[in-house]
Ligand code: PEP
């Protein structure tokens with residue numbers, strides 16, 4: 001059985017002060033029986049969030065982006081090793097905002113995934129279809145293509161060691177969430193793509209998760225947790241989602 005996992009993607013929100021406060025409020029509010037938790041603050045807030053959580057909470061910290069290169073003349077980029085040196089344990093790759101708004105290809109996502117693992121970080125690989133692709137019946141082929149690109153790059157065993165987040169693009173930041181049945185169908189499909197080793201791979205659902213819809217989603221057998229955007233910016237909402245997860249898992 002995969003262990004449950006709750007992740008909060010703070011995107012490009014907040015100030016240094018609000019990021020430290022949010023980290024502190026989540027750390028203080030997480031019950032002793034809480035799911036494993038990761039927060040993904042903006043890059044420049046990573047050190048202060050890591051410092052805020054150190055010695056007071058088992059919450060892990062991850063980066064929202066990483067360079068595909070280990071080092072070199074890549075102005076403005078940040079390597080996986082630099083993130084590891086800061087104390088990051090996870091990195092997001094393949095988020096739909098980066099795929100669609102910033103043109104990240106399957107190949108680039110796979111290279112970033114490899115860069116994270118080479119530096120000892122755990123990638124959280126986001127996959128998911130657009131509304132148009134869903135309406136054309138292409139959901140499963142799109143998800144397969146996105147995962148296969150990474151499998152080709154690093155091998156299936158390495159994908160099984162990561163976390164995979166199914167995030168339908170039409171559900172991200174829109175307030176419209178996949179039904180539990182829609183999400184479970186894709187999660188079961190992804191589980192089927194992984195080896196026996198993939199039984200313990202954490203499969204997260206993301207897309208407008210909130211305190212009201214979390215319980216039904218987390219009740220699904222192949223949904224091991226959630227990747228939460230908007231609702232992770234309010235400590236009380238995020239803590240309620242954590243509570244729902246504990247009750248379902
Ligand atoms: C996300 O950013 O990964 C996400 C799922 O956002 P939201 O929860 O706001 O839809």
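Using R0 = 25 Å, the C-beta based FRET efficiency linking residue 161 and residue 105 works out to 0.65.
Remark: spin-label model distance residue 54-residue 31 equals 3.1 nm, labels positioned 7 Å along the Cα→Cβ axis.
Given R0 = 25 Å, the distance between the Cβ atoms of residue 188 and residue 152 translates into a calculated FRET efficiency of 0.65.
Starting from the Cα gyration tensor of region 41-120, take the square roots of the eigenvalues, sort them a ≥ b ≥ c, and report rounded, prolate or oblate (rounded when a/c is under 1.5, otherwise prolate if a/b is larger than b/c, else oblate). Prolate. In this rough spin-label picture, where each label sits 7 Å from Cα along the Cβ direction, the residue 118-residue 215 distance is 4.7 nm.
Ordered by the number of other Cβ atoms lying within 10 Å of each residue's own Cβ, fewest first, 28, 55, 106, 148 fall into the sequence 55, 28, 148, 106.
In the elastic network of the chain, a GNM with C-alpha springs shorter than 10 Å, the most mobile of 129, 196, 52 is 196. Seen through its C-alpha gyration tensor, with square-root eigenvalues sorted a ≥ b ≥ c, region 58-205 comes out prolate because a/c lies at 1.5 or above while a/b is bigger than b/c.
For the options 220, 133, 146, a Gaussian network treatment of the chain with springs between C-alpha atoms closer than 10 Å singles out 133 as fluctuating the most. Region 1-77 and region 105-137 have Cα centres spaced 19 Å apart.
Of the two radii for the chain, the radius of gyration is 0.94 times the Kirkwood radius, both from the alpha carbons; that is the Rg over Rh value. Multiplying the residue separation of residue 12 and residue 140 by 0.36 nm and subtracting their alpha-carbon distance yields 43.1 nm. Given the rule -39500 (n - 2.57) for each run of at least 4 DSSP H residues, summed and divided by the residues of the chain, what is its mean residue ellipticity at 222 nm, to the nearest 500 deg cm²/dmol? -12500 deg cm²/dmol, from helical runs alone. Spacing of the modelled spin labels on residue 181 and residue 247, each 7 Å from Cα toward Cβ, amounts to 2.3 nm.
No value in this document is a laboratory result; all are computed from the given coordinates. Model, not experiment: these values are computed from the prediction. Glycine gets a Cβ as well: all are built from the backbone with ideal geometry, and neighbour counts include every protein chain shown.
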